[in-house]
Amino acid sequence: MKDVLSRADIAVVVDNFYAKALQDEQIGYLFEGLDLMNHLPVIHDFWENVLFRTGAYKGGMMYKHLMLNARKPLRLEHFQRWLELFTQTVDEHYAGPNAQTMKQFAYSVAGTIFNRVSQQNNLPLGVRDG
């Protein structure tokens, strides 16, 4: 099995992951109402920047997840399921240092976002994203 070596390889992981996630009983509903098809190239940019330092991704990840959390509260089990599906998808298609980096970075990103939305959930409603 080959490693993740290009943007096309990243698209294989991301697109297959979201195909699963959208259908998943635990987290699928979180994506309802989102324009995921237009957002996928941005996610490809994110991972391309992580793996190949392209500078393609221009940020905004945290804000998008905070807004999602305000509409549909994100819980620890959502992040756990996201990670389970993501790492499973990487492993189904690729093996090697870049594939490993994707999985490790996914854990880091999930932890960061979870910590932030957990803090947001503790704020009074009037203070959230005010």
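The values are calculated or read from the model by the stated rules, or taken from the named source; none is laboratory data. A quick note: this is a predicted structure, and the numbers were derived from the prediction, not measured. Heads up, the Cβs are rebuilt from the backbone with ideal geometry, glycines too, and the neighbour counts pull from every protein chain shown. These accessible areas exclude ligands, DNA and RNA; they are computed on the full protein's heavy atoms, side chains included. Shrake-Rupley method; radii C 1.70, N 1.55, O 1.52, S 1.80 Å.
Annotations
- Computed over the alpha carbons of the chain, Rg followed by Dmax gives 14.9, 51 Å.
- Over 23 Å (Cα to Cα) - which of LYS2/LYS103; LYS20/LYS58; LYS2/LYS58 fall in this group: LYS20/LYS58; LYS2/LYS58
- Heavy atoms of ARG7: accessible area, 1.4 Å probe, square angstrom to 10: 80 Å²
- Rough spin-label spacing in nm, given labels placed 7 Å along Cα→Cβ, for LEU22 and SER6: 2.4 nm
- Karplus (6.51, -1.76, 1.60) ³J(HN,Hα), θ = phi - 60°, over the range 94-106, in Hz, Gly and Pro reported as x: 9, 8, x, x, 5, 4, 5, 4, 4, 5, 5, 5, 4
- Think of it as helices only: each DSSP H run of n ≥ 4 in the chain is worth -39500 (n - 2.57), and spread over all residues that comes to -23000 deg cm²/dmol at 222 nm.
- When all protein chains stay in place and ligands, DNA and RNA are ignored, the 1.4 Å accessible-area order of THR112, THR87, largest first, is THR112, THR87.
- Long-range HN-HN contacts of ALA95 with modeled amide H, under 5 Å: LYS2, ASP3, VAL4
- Between ALA95 and PHE31, the contour length at 0.36 nm per residue exceeds the alpha carbon distance by 20.3 nm.
- Here the chain has 56 percent of its accessible surface on carbon and sulfur atoms, given a 1.4 Å probe and all protein chains in place.
- A DSSP coil position with no more than 14 other Cβ atoms inside 10 Å describes the following GluC sites (Glu not before Pro) in the range 1-102: GLU25, GLU32.
- In the context of the full set of protein chains, residues of the range 9-121 present 52 Å² of accessible surface per residue (probe radius 1.4 Å, heavy atoms only).
- Charge tally for GLY33 (other residues, Cβ to Cβ under 15 Å; Lys, Arg +1; Asp, Glu -1): +1.
- Under-5 Å amide H pairs with TYR57, H placed in peptide plane, nonlocal only: ASN49
- Rounded if a/c under 1.5, otherwise prolate or oblate - the range 39-104, Cα gyration tensor axes: oblate
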